[in-house]
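Structure first, commentary second.
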2 protein chains.
Amino acid sequence: MDCLITGATGFVAPFAAQGLRDAFPGLRIWGTGPEPAPPGFPLEGYLPLDLKDQAAVQGLIDRVKPDLVVHLASQSSVSESWRTPVESFYNNTNIFLNLVEAIRRAGQRCRVLSVGSSEEYGRHAASDLPLTETLPPNPASPYAVARVAQAHLSTVYTEGFGLDILCTRSFNHFGPGQSDRFVISALVRQFVAMERSGDRRLTVGNTAVRRDFTDVRDVARAYALLFQKGERGGLYNVCSGRSHSIAELIQTLSSLTGLAPEIRQDPALLRPGEVMDIIGNPGRLHATTGWMPAIPLEQTLNDMIAWWRSQP
Amino acid sequence: MDCLITGATGFVAPFAAQGLRDAFPGLRIWGTGPEPAPPGFPLEGYLPLDLKDQAAVQGLIDRVKPDLVVHLASQSSVSESWRTPVESFYNNTNIFLNLVEAIRRAGQRCRVLSVGSSEEYGRHAASDLPLTETLPPNPASPYAVARVAQAHLSTVYTEGFGLDILCTRSFNHFGPGQSDRFVISALVRQFVAMERSGDRRLTVGNTAVRRDFTDVRDVARAYALLFQKGERGGLYNVCSGRSHSIAELIQTLSSLTGLAPEIRQDPALLRPGEVMDIIGNPGRLHATTGWMPAIPLEQTLNDMIAWWRSQP
């Protein structure tokens, strides 16, 4: 069996590859991304490619003839989508459309995991928590609009064209190797920098904000299970069912490192209208696949500390 | 005041232009479309342009500096969107995104009417009729997905970027000059052809299908009223609140022309899974603007018969 991972040079891809290898012994995994492959790339083959190029995507599908497709490629930053909404839309919705259209044209029989985002829920009432898949999407950023369109296209390609697509609404995930564009990794990086410099200043945004965080390795296991047991056309939250505040994470990092930071709020990190609490309901994923998150928050943070310590 | 109409060589544009001139005396109207302007084009100026070209759209906004923008440009055929989903998406969502992004970048203060479609409602229960704006969208074709994304982008650009955009969900509209890609115009064309040929065969699809039809001149008046009285960020059905079956329309055309057709069903015109009845609730539009449809069905059909008779 052959598996294609888009966004293969991204944070999630190596974990997804490992999760799929564990679940599908003998699976050959191909990756694609816009950049050349980094040295020691852990997949069978890497094909550099701009997914915005429809003909190139067609060539990719015709060459790999995948049985499984994990679509991780995304310009996944909400704040970047406010700065460059047109590019964000191309690099979410249009690239996904090129992918499923190429699969349709090739008549390639495969199962596609369309990775989406909790941002699709957008603004909601506190009484809607935990967020369940039956809530209508209410996208509140260019990024979220693009992700909702991706999910709607998944439905149309499944029901109208007979493709086999599953969608996730993946909530925040974190782990070693994550870019410091994301809040937890930025915090861990700062703690490790404190160890080195002796400076104790920690720059933060709104620390009361609460999010539903899952270890990226648990997320990868959920994706593999969805390939095995998910329903065609299904939509699944991938989340823990609990939320933690940024303040709690700082507290935990403080005890794990033994460092007491001086917290400084940077107004540039405050987002007007930010949703204060997001919790997802993982009930459907659990009922369908048996999945439960297994890695405790402290372990993930420890692994992230070790990873940032290993960086120059 | 200056008004820009996209999709200016389309069916609706001349009616929209007339409706806006009636509502805003002295309004200068500029049009744009992908083709060269047809001879005798009834606007102040026509600028041929591919709305997929972001730089060209920016130049258009910088040049016209519109106070009002009527976004009619759309690859608006559902069946065509099933044949060429990628192109349909570009020619709906991406062109709209280019337009509002150009307005945002220019800092151009203007009111934008984002014309959408009843197709955004998609599949629904008969108990949901008449369809109201509070129903969540459930798009069932590539075209409908693209239109929902356009409406979501409108919300994001209004709430996040401060633009002044109103959205419609426009139901079926019809009138003289409409392409025979649309069902009523195709029927009228066939009746006029019968008059000429003596042949009485009328090719139809499913004549039990019911749709909510509004004369294009009433639709144009609704758009002008929305510019005057619509709420920023508002979403408005444009519809009559009643549905007619294709069989009823054939009956009326038969009495208007005095011709008794021999009806032949063409299986190629049947659409699997087609929604049997669509009725919109025009209550919000009426409450906000006082609009009511004014032109009786028979008059529209008579005008369409006269128009098709005038064609070679």
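The values are calculated or read from the model by the stated rules, or taken from the named source; none is laboratory data. Quick caveat: nothing in here was measured; it's all calculated off a predicted structure. Cβ placement follows ideal geometry from the backbone for every residue including glycine, while neighbour counts extend to all protein chains displayed. Areas reflect the complete protein model, heavy atoms only, side chains present, ligands, DNA and RNA absent. Shrake-Rupley method; radii C 1.70, N 1.55, O 1.52, S 1.80 Å.
Average accessible surface for the protein assembly as shown: 40 Å² per residue, computed with a 1.4 Å probe over protein heavy atoms with every protein chain in place.
Mean-square fluctuations from a GNM of chain A, with a 10 angstrom spring cutoff on Cα atoms, peak among A:N138, A:N172, A:N281 at A:N138. Taking every Cα-Cα distance in the range B:232-294 and sorting them into 5 Å bins from zero, the calculated P(r) comes out as 3, 13, 15, 16, 15, 15, 11, 7, 4, 1 percent. For helix B:246-257, what angle does its Cα long axis make with the longest principal axis of chain B, in degrees from 0 to 90 and rounded to 10? With both axes taken from Cα atoms, the answer is about 70 degrees. The amide H of B:S170, built 1.01 Å from its N in the peptide plane, has B:G116, B:S117, B:S118, B:V238 as neighbours under 5 Å, considering only residues 5 or more places off or on other chains. Taking θ as phi - 60° and the Karplus parameters 6.51, -1.76 and 1.60, the scalar couplings of the range A:285-295 work out to 4, 5, 5, 7, 10, x, 4, 9, x, 10, 9 Hz in sequence order, x denoting glycine and proline. Note on the range A:1-53: Cα Rg divided by 2.2 N^0.38 Å, N the number of residues, gives 1.07. Each residue of the range A:45-61 was assigned a 3J(HN,Hα) from its phi angle through the Karplus expression (A = 6.51, B = -1.76, C = 1.60, θ = phi - 60°), giving x, 10, 10, x, 6, 9, 5, 6, 8, 4, 5, 5, 5, 4, x, 4, 5 Hz with x at Gly and Pro.
With a 10 Å cut-off around each Cβ of B:145-156, the average count of Cβ atoms from other chains is 6.
Between A:L235 and A:C167, the built amide H atoms are under 5 Å apart, and every one of these is 5 or more places off in sequence or on another chain. Note that the range B:108-120 has calculated 3J(HN,Hα) couplings of 6, 7, 7, 9, 10, 9, 8, 6, x, 9, 4, 4, 4 Hz, one per residue in order, obtained from phi through the Karplus relation 6.51 cos²θ - 1.76 cosθ + 1.60 (θ = phi - 60°); glycine and proline are x.
DSSP beta bridges in the protein assembly as shown, what fraction antiparallel, as a percent rounded to 5? The antiparallel proportion sits near 5 percent. Structure remark: mean-square fluctuation, Gaussian network model of chain A, C-alpha springs under 10 Å; the largest value among A:C239, A:C167, A:C110 belongs to A:C110. Just the number, please: carbon plus sulfur as a percent of the accessible area of the range A:1-74, 1.4 Å probe, no ligands or DNA/RNA counted. Answer for the range A:1-74 is 57 percent, counting heavy atoms of protein chains only. Across the copies of the chain, B:P267 has label points (7 Å from Cα along Cα→Cβ) spaced 7.0 nm apart, shortest distance listed first.
Taking the square roots of 5 times each eigenvalue of the Cα gyration tensor of the range A:123-178, largest first, gives ellipsoid semi-axes of 23, 17, 12 Å. Note on chain B: GNM, Cα springs under 10 Å; of B:G175, B:G160, B:G233, the largest mean-square fluctuation is that of B:G160.
Interface of A with B. Using a 1.4 Å probe and counting protein heavy atoms only, the two chains hide about 2400 Å² of accessible surface, both sides summed. Sum up the charges of everything whose Cβ sits under 12 Å from the Cβ of B:N237, counting Lys and Arg as +1 and Asp and Glu as -1, but leave B:N237 out. Every neighbour counted, the sum reads -1. Helical runs (DSSP H, four residues minimum) scored at -39500 (n - 2.57) apiece and divided by the length of the protein assembly as shown put the mean residue ellipticity at 222 nm at -12000 deg cm²/dmol. Cβ-Cβ distance of A:A55 and A:E159, R₀ of 22 Å, FRET efficiency by 1/(1 + (r/R0)^6): the value works out to about 0.25. Buried on complex formation within the range A:67-95 (loss of at least 40 square angstrom of accessible surface versus the isolated chain, 1.4 Å probe, ligands and nucleic acids ignored): A:W82, A:P85, A:V86, A:F89, A:Y90, A:N94. The Cα-based radius of gyration and maximum Cα-Cα distance (Dmax) for chain A are 19.3, 60 Å. Secondary structure note: in the range A:161-312, about 15% of the DSSP beta bridges are antiparallel. Where both partners of a DSSP beta bridge lie in chain B, what percent of those bridges are antiparallel, to the nearest 5? Of the beta bridges lying entirely in chain B, close to 5 percent run antiparallel. Bridgeable lysines around B:K229 (alpha carbons under 29 Å apart, same-chain partners fewer than 8 residues away excluded): B:K65. Treating r as the C-beta distance of B:W82 and B:Q251 and R0 as 25 Å, the FRET efficiency rounds to 0.25. Using a 7 Å projection from Cα along Cα-to-Cβ, the label point at A:R201 is separated from the same position in the remaining copies by 8.4 nm, smallest value first. At the listed q of 0.09, 0.10, 0.18 Å⁻¹, the Debye profile of the range B:17-162, built from one uniform point per Cα, gives log10 I(q)/I(0) equal to -0.32, -0.39, -1.15.
Distant-in-sequence amide contacts of B:I5, defined by a placed amide H-H separation under 5 Å and a gap of 5 or more residues or a different chain, comprise B:W30, B:G31, B:T32, B:V70.
Highest mean first, the peptides B:179-192, A:283-296, A:4-17 sorted by other C-beta atoms within 10 Å per residue fall in the order A:4-17, B:179-192, A:283-296.
With a Förster radius of 41 Å applied to the C-beta separation of A:D2 and B:R123, the computed FRET efficiency comes to 0.75. Each other copy holds its own label point for B:E87; taking that point as 7 Å from Cα along Cα to Cβ, the gaps run 2.9 nm, nearest first.
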